[in-house]
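A.B. asks: This is the structure I want to talk about, given as structure tokens.
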Amino acid sequence: MKWPWSSKKKNYVPTDEGWLNTSWDQGFWQQNRQPLSLSNTNETVEACVSTLSQTVSMCPVQHLSEEDNGEDRRLNGSLPERVLLNPNPNTTRSEFFNNLIRSVYFNGNGYALATRDGNGSIKALYLLDPKNVTAVQDPETGEIYYWVSPTSTGKYNPETDMIHPSRNILHIKINIDPEQPLKGISPLMAAANSIQASNAITGHQAHFFTNQSRPSGVLSTDQQLNREQMLQLRDAVAKQTQGADSGKVPILGNGLKWESMSLSSQDAQLVEAFGMTVGSISRVFRVPLAMINDMQNSTFSNAEAMMNWFLSSGLGFLLEHIELELNKLFGLPFKERLNFNTKALLRSDWKTQVETLGEGVLKGIYSPNEARAMIGLGAVEDGDEPRVQQQVVPLTAWSAQPAPAPKPEPQPEPDMIQAALLKGFASYGR
């Protein structure tokens, strides 16, 4: 379907062989140009996508219900929780979400087919190949359907093709295609130039080191050597320093000197350019460099800040985005929602867990038994009620306190004469 409001021309269009640059002429294949493959070919892209997909896959999904007092009550063991724990007999939760999110970033769309039981409740979810799914809209009713065709011929085959209503399809897309609003586009298109440059740099370096086009040093001497002597000398040094003998020390005589070749300015610029492409790609995914093991310009202090930023921005958006689509798929009421429990990300960080829960107990946020349950410990006696320190009371508590007892009035001291008489009488009596 052609959408009338779409007139912007894309820089890259997807093909079976990769993403094709629309600025190339029709004879691009004669100019040694190949479509750009944005998936599974660049280590930075793989690192960013894996960071997002694997992090989400670590978080269990909980079914929460908002009570009238604002409390979130977990509906433990509900149908959505059971389905998302094992979406189908052959797929676990981590495998399902990991591959679903990878499909979203590499192809622009992530699809899953929901099968229902006799009561109309979802009983299983099955991942679909995004290349075989096409969203179509009925021009009369406006209803959206998903056409699943394993052949991708563009013609409906009743023997192999299936058409499913939108209520049975989980469709995750991040960026909407302006020409096809029912379809998403991969965010990798924004980083296509950086990916192409990164692939070109790494490919050049791979060929360079494979061909050994430049030695790490040269031999020099003041003596005149003929061609045969130079060939013999080169072969002797190569046998001593290459292959299985790499690292052995060559013995040089007859005035021969070894001069090492340092990194040239061109090589330094190439390394800097490669670092720029890594940063550009990570910005598209909103993943800090520290998350993909690029510790350049990172310290122990700012690495923690970058992690918090990642959890609240790039990862936080992805979690919320998937949660909303899951709520719609399961048809949850207004005050119920599915929620990824990000506390599971701290499972291996025992110190942070204990410090955080201990602070929550001291401030009355958690009861001791609630905090113990979060780390897998059983309840203790009298530990169900939150508690705070005694001096933490509201200001109105002071008005309810009993009035302090009046202080006794000081007795007047006897005058000096009376004191002297008393002293005299006391001495007379002795």
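A.B. asks: Being of a type in the set (S, T, N, Q), more than 25 Å from P181 (Cα to Cα) and in contact with a helix residue (DSSP H, G or I) (Cβ under 9 Å, 6 or more places away or on another chain) is the filter here, so list the residues in region 99-127 that pass it.
C.D. replies: T115, S121
A.B. asks: Continuing with the same structure: Given the criterion exposed (fewer than 13 other Cβ atoms within 10 Å of the Cβ) and in contact (Cβ under 8 Å) with a residue 12 or more places away in the chain, identify the matching residue among R74, R116, R102, R93.
C.D. replies: From the options R74, R116, R102, R93, the qualifying one is R116.
A.B. asks: Go through F274, F330, F317 for me and flag whichever is of a type in the set (F, W, Y), at pLDDT 65 or above and surrounded by 15 or more Cβ atoms within 10 Å (Cβ to Cβ).
C.D. replies: After applying the criteria, what remains is F330.
A.B. asks: On to the next question. Taking region 153-175 only, how many residues are out of contact with any Leu (no Cβ under 6 Å at 6 or more places or on another chain), open to solvent by less than 60 Å² (accessible area, probe 1.4 Å) and within 15 Å of Y126 (Cβ to Cβ)?
C.D. replies: Residues in region 153-175 being out of contact with any Leu (no Cβ under 6 Å at 6 or more places or on another chain), open to solvent by less than 60 Å² (accessible area, probe 1.4 Å) and within 15 Å of Y126 (Cβ to Cβ): 5 in total.
A.B. asks: Within region 124-150, take every residue that is out of contact with any strand residue (DSSP E or B) (no Cβ under 6 Å at 6 or more places or on another chain) and open to solvent by 70 Å² or more (accessible area, probe 1.4 Å) and give me the one that is modelled with the lowest pLDDT.
C.D. replies: Among those that are out of contact with any strand residue (DSSP E or B) (no Cβ under 6 Å at 6 or more places or on another chain) and open to solvent by 70 Å² or more (accessible area, probe 1.4 Å), it is P150.
A.B. asks: Same structure again: Surrounded by fewer than 18 Cβ atoms within 10 Å (Cβ to Cβ), of a type outside the set (D, E), in a loop (DSSP other than H, G, I, E, B) and out of contact with any Gly (no Cβ under 7 Å at 6 or more places or on another chain) - does that describe any residue in region 81-88?
C.D. replies: Yes, region 81-88 contains at least one residue that is surrounded by fewer than 18 Cβ atoms within 10 Å (Cβ to Cβ), of a type outside the set (D, E), in a loop (DSSP other than H, G, I, E, B) and out of contact with any Gly (no Cβ under 7 Å at 6 or more places or on another chain).
A.B. asks: Can you tell me which residue in region 23-68 is modelled with the highest pLDDT, limited to those that are part of a loop (DSSP other than H, G, I, E, B) and touching a strand residue (DSSP E or B) at 6+ places or on another chain (Cβ under 6 Å)?
C.D. replies: C59
A.B. asks: Taking R372 and the conditions (1) closer than 20 Å to M58 by Cβ; (2) touching a Gly at 6+ places or on another chain (Cβ under 8 Å), which numbered condition does it fall short on, given that it satisfies the others?
C.D. replies: For R372, the exception is condition (1).
A.B. asks: Right, next: Within region 337-362, track down each residue that is buried (at least 17 other Cβ atoms within 10 Å of the Cβ) and outside any helix (DSSP H, G or I).
C.D. replies: R337, L338, N339, F340
The values are calculated or read from the model by the stated rules, or taken from the named source; none is laboratory data. Just so you know, these numbers come straight off a predicted model, no measurement behind them. Neighbour counts run over all protein chains shown; Cβ positions are idealised from the backbone, glycine included. Each accessible area value is taken on the protein alone, full model and side chains, heavy atoms only, with ligands, DNA and RNA left out. Shrake-Rupley method; radii C 1.70, N 1.55, O 1.52, S 1.80 Å.
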